[in-house]
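Q: Just passing along the structure, written as structure tokens.
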Amino acid sequence: MTGFAIVQERAFAAALEEMTDDELFNLMRDLEMRGEALDRPSPADEIFAKLVLTESAIERRFPGQMLGPYKDWLRRPERSKRRADARQPAGHASAGGLHQAESLFERDDYRDAPAAA
């Protein structure tokens, strides 16, 4: 992993901390759907890395609850009418703060950057 990639990962993690609960949970749901679509998920996959960071952010926000608040959020009846919105791309206007965190981690330029000394 390059030094620049580590910086991008830290920026993504910092953006997660700034999100509202709904934004964080929406991102987690989106990443889970993307992860399920992968043919062969691997810890080297960007989606897997984002899932781990997002899960960690949820666990820090709700210590000792093992993603319980996220799972409760998924079961809320008022969410059923918003599920159609979840199928919109992460950068869509309704995605709110998700776009900022996603764009930090989706750029390709960090993959080719030389390692930091």
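All of the numbers you see were taken from the coordinates with simple rules; none came from a lab. Nothing here was measured: the structure is a model prediction, and the numbers come from that model.
Q: Between ARG60 and THR20, what length comes free when the chain is fully extended (0.36 nm per residue of separation minus the Cα-Cα distance, one decimal in nm)?
A: Values: separation 40, 0.36 × 40 = 14.40 nm, distance 1.35 nm.
That works out to 13.1 nm of additional length.
Q: For PHE62, enumerate residues with amide H under 5 Å from its amide H, sequence gap 5+ or separate chain, H modeled in the peptide plane.
A: Close amide H contacts, sequence-distant or interchain: none at all.
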